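Novice: To start, I am sharing the structure in question, which I have written as C-alpha cells.
The values are calculated or read from the model by the stated rules, or taken from the named source; none is laboratory data. Quick caveat: nothing in here was measured; it's all calculated off a predicted structure. Note that each Cβ is placed from the backbone with ideal geometry, even for glycine, and that neighbours are counted across all protein chains shown. When the accessible area is computed, the model is the full protein with side chains, heavy atoms only, and any ligands, DNA or RNA have been set aside. Shrake-Rupley method; radii C 1.70, N 1.55, O 1.52, S 1.80 Å.
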Amino acid sequence: MTGLRLGPLLRYIDGSSATVWVETSRPGTAEVRCADGSGGTARTFRIAGHHYALVEVTGLTPGATTPYEVFLDRARVWPPAEDEAFASLPPSVISTPGAEAGATVRVAFGSCRWASPPAGEPDPVGPDALHGLAARIAADPGGERPDVLLLLGDQVYADEVSDATRAYLAARRDLKDPPGDQVTDYEEYTHLYDESWRDPLVRWLLSTVPTCMVFDDHDVIDDWNTSASWVADMRATSWWGERVRSGLASYWVYQHLGNLSPRELAADPLYASVRELPDGTDALWAFAAKAEADAASVRWSYRRDFGRVRLLMVDSRAARVLAEGERAMLDPAEAAWTREQALDGRGTYDHLLIGTSLPWLLPHLVHDVEGWSSVLARGDKGPRWARFGEWLRRAADLEHWAAFPESFGELAEVIAEAGTGPDAPATVCVLSGDVHHAYVAEPSWDTEGRGHGPGTGRGRERGPDARVVQLTCSPVHNSIPLSIRLGFRFGWSTVARGLGRAFARHGRLGHPPVKWRRTGGPWFGNQLMTLTMRGRSSVLRLEHAHTAKRPAPGTDAGQPGPGPEVRLRKVTETGLSG
C-alpha cells in the first residue's frame, strides 16, 4: 500500500486553483478531494528512489474555504487516521482569495529555521515561531490566518545539522572524511527536509497555509557564492560537486516546484520530462549540473500576485556574477526580469513586495565595510589589500547587497521607478531575513544627485511617492548569540556610522544613492512579521514566540500535543500607509 512520507504542503493558490505537494512511499496516484467537490489527481514521479506528486486542484470557489483530504491509490492518507498527534487538529483547508476589490491580504514572513526537536526533548534555541502560528490557527480555525507564508531562506541547514542527523550521517559513512558532519548527497537532503517538515504542528501548518519559498546559503552551504575565488576553492574539493548538485536538485523538488503556477508548470520542460520518464533522476541531475556551472541558465526568481499585492521573489544567491570587476548580485537577465516585473502593469497593484533573502539596507557600519571589502578584493589598493579583502569578506560573511555596490544602486533605481508617479503603489517593501534579528529601515533618496562612484546611481530630483521600507525578520527558529546582539546594536549606532564612513573613505566609495535610518528594532528572538494590506492601507506586526503554561484540559483550546505551549506575542504594530 502506498503511504504518505511527507506533506501535504499547500503551495500555489489563486481564486480557483491550488497545488498540493506530497512525497509518497511508492509510485501511485495522488488525489486531493475537497469537501465542495473540487479536487485533482497526479501520478507520482521518481527521483533517486523517492516518489513525489504535485497535485493541481481545480474548480475551487473564489473567496471560499474548503476542507480537503489526500488519497493515494484511493486510500485516504491525510489526515492520518491513527496518529494521535493530529487527532486534535482541525481539518486542512484551502482558502482561496476573493475577487472583490479591496480584499484584505495578509503576508507572514521570516527566515532561518532549524528543525524543531522531537516532542519531549529540550529545545536549545527556544520556541519555534511556526509552532506559535500553527497553535493560534488551530485554536481558532475561522480566525485570522496568513493568506501566504513567505519562507525567505535557510529552510534546511545542510552544514549545521542536529545531533539526530549527525547520528544518521554517521550510520551511512565515516564522518572523518570531508565534509564531515555535513550532508553530501540527495538522500541526505531528503532526510533534512523530512526532519524539518515532519514535526506534527509544522506539518499541519504547511498543509493549510500556502507557502512561497526561496533559498539562501545554508540550504547549500554557509556563504554560498561569496566570490569567484570561493567557488574555485570549493570546486577543487572532492565533495562539492555532489553537494551542490544535490542541494539544487532537492531544492527544485521540495521547494521550487510549488512556487510555480499551473501555467508555469505546464511550460516547464524539466517538469514535463521527469513526469514522463520512468525515473527522472538523470534529467534532474543534468539540470542541476548546468545550473551550478552557468547560473544564467535557470531562473529561480518568480512573481506572484495576490489581488492588488504583487510579490517578486528574487534569487539573490545563485544568480550572482562573481568575476572581479563585473560582480553583480543579479546577472543581467535576472536584473532585467526584476525591473520588468516591478514595472509591469503599474496601477494594477497597491503594494509591491520584493522578497530577497539578504537585506538591501543594513546597519551603516556593516554596509560600508561590505563595500570597502569589495573594493579591496577587486585589487584597487594592490595585491596585499586584495588578499585581505577576500579573507575579510569570507571570514565576516560580507556578501549582502552592499558587497555588490552597483547592484545596490540598481535596486534603488528599480524601487524608485516603480514607486514614483500617479499610478505608484502605496508601499514598496523589501522583505528579507538572514541576519538573525528584525528591524525596519527607511530610505530617503539623494535628491541633490551628489552620489558618485560605484553603486551610487544617478541621483533623483525627488524620492518616490510610495513609502519604501526594508523589513527584515529572522530567525524563525535559530540561535541568537550574544555576539550578534551586541554587534548589530552597535552597528546601528551613531559611532558605528562614523566608523563606517572612515572605511568608505579609505576605499574611495562614493555616497550611496539613498540614505536610510532605522525606524524600528533591532529586535531579537524567534519571530515572524506579518503585513496586513487592504486597499492602499498596510499594517506591519512583529510577533515573538514564547512558551506558556498549558491550560488545564477543557479550559482552553490550547496547543495540541505534549510539551510546553508555544504562543506568538505581539512586540510592535505600526501602520505603513493608509
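Novice: Across the range 435-489, what is the number of residues that are at pLDDT 90 or above, part of a loop (DSSP other than H, G, I, E, B) and of a type outside the set (S, T, N, Q)?
Specialist: Final tally of qualifying residues: 9.
Novice: Consider only pairs whose beta carbons are under 6 Å apart and that are at least six residues apart or on different chains; among these, list those whose first residue lies in the range 320-339 and is more than 13 Å from SER374 (Cα to Cα) and whose second residue is open to solvent by 20 Å² or more (accessible area, probe 1.4 Å) and at pLDDT below 95.
Specialist: Short answer, once both residue conditions are applied: ASP331/ALA296; ALA333/ALA296.
Novice: Do we find a residue being more than 14 Å from LEU568 (Cβ to Cβ), under 16 Å from the mean Cα position of the chain (by Cα) and not small (Gly, Ala, Ser) anywhere in the range 121-137?
Specialist: No, the range 121-137 contains no residue that is more than 14 Å from LEU568 (Cβ to Cβ), under 16 Å from the mean Cα position of the chain (by Cα) and not small (Gly, Ala, Ser).
Novice: Does the range 179-197 hold any residues that are over 14 Å from GLU160 (Cα atoms) and of a type outside the set (A, V, I, L, M, F, W, C), and which are they? Lay out the reasoning, then the answer.
Specialist: Filtering the range 179-197 down to residues over 14 Å from GLU160 (Cα atoms) leaves 185-187, 190, 194, 197.
Scanning the range 179-197 gives ASP185, TYR186, GLU187, THR190, ASP194.
Novice: So, in the range 493-522, how many residues would count as being assigned to a strand (DSSP E or B) and open to solvent by 50 Å² or more (accessible area, probe 1.4 Å)? Working first, answer last.
Specialist: Going through the range 493-522, the residues assigned to a strand (DSSP E or B) turn out to be 514-522.
Filter again for open to solvent by 50 Å² or more (accessible area, probe 1.4 Å), leaving 515, 517-519.
Number of matching residues: 4.
Novice: Which condition number in (1) within 21 Å of PHE45 (Cα to Cα); (2) open to solvent by 20 Å² or more (accessible area, probe 1.4 Å); (3) of a type outside the set (Ser, Thr, Tyr) is the one that GLN255 fails?
Specialist: (2)
Novice: Would you list the helices (runs of 4 or more DSSP H) that sit entirely within the range 102-202 and hold 3 or more residues that are touching a strand residue (DSSP E or B) at 6+ places or on another chain (Cβ under 9 Å), in contact (Cβ under 8 Å) with a residue 60 or more places away in the chain and under 30 Å from ASP305 (Cβ atoms)?
Specialist: 129-139, 186-197
Novice: Got a number for residues in the range 369-387 being touching a residue at least 12 places away in the same chain (Cβ under 8 Å) and more than 15 Å from PHE503 (Cα to Cα)?
Specialist: Of the residues in that region, 2 qualify.
Novice: Could you check the range 316-347 and list, in sequence order, the residues that are surrounded by fewer than 23 Cβ atoms within 10 Å (Cβ to Cβ), of a type outside the set (Gly, Ala, Ser), in a loop (DSSP other than H, G, I, E, B) and in contact with a Lys or Arg (Cβ under 7 Å, 6 or more places away or on another chain)?
Specialist: Listed by number, the list holds a single entry, GLU324.
Novice: Hey, SER432 hits all of (1) open to solvent by 10 Å² or more (accessible area, probe 1.4 Å); (2) of a type in the set (Ser, Thr, Tyr); (3) in contact with a Cys (Cβ under 9 Å, 6 or more places away or on another chain) but one; which does it fall short on?
Specialist: Single failed check for SER432: (1).
Novice: Now for a different question. Can you say whether ARG74 is free of Cβ contacts under 8 Å to residues at least 60 places away in the same chain, basic (Lys, Arg) and open to solvent by 50 Å² or more (accessible area, probe 1.4 Å), as far as the supplied structure shows?
Specialist: yes
Novice: Can we say PRO262 is farther than 24 Å from SER246 by Cβ and modelled with pLDDT of 95 or more?
Specialist: yes
Novice: May I ask you to say which residue of GLU399, GLU370 is closer than 17 Å to GLY491 by Cα, open to solvent by less than 10 Å² (accessible area, probe 1.4 Å) and not in a helix (DSSP H, G or I)?
Specialist: GLU399
Novice: Further, regarding this structure: Which numbered condition trips up ALA164, out of (1) farther than 25 Å from VAL148 by Cα; (2) crowded, with 19+ Cβ neighbours inside 10 Å?
Specialist: Against the list (1) farther than 25 Å from VAL148 by Cα; (2) crowded, with 19+ Cβ neighbours inside 10 Å, ALA164 comes up short only on (2).
Novice: Restricting to the range 534-578, name every residue that is at pLDDT below 95, open to solvent by less than 30 Å² (accessible area, probe 1.4 Å) and part of a strand (DSSP E or B).
Specialist: ALA548, GLU565, VAL566, SER577
Novice: Just the residues that are of a type in the set (A, V, I, L, M) and over 24 Å from PRO141 (Cα atoms), please, taken from the range 186-212.
Specialist: LEU192
Novice: Something else now. Would you confirm whether any residue within the range 225-242 is in a strand (DSSP E or B), surrounded by 19 or more Cβ atoms within 10 Å (Cβ to Cβ) and not charged (D, E, K, R)? Reasoning before the result, please.
Specialist: Within the range 225-242, the first condition is being in a strand (DSSP E or B), and the residues that meet it are none.
Checked the range 225-242: no residue is in a strand (DSSP E or B), surrounded by 19 or more Cβ atoms within 10 Å (Cβ to Cβ) and not charged (D, E, K, R).
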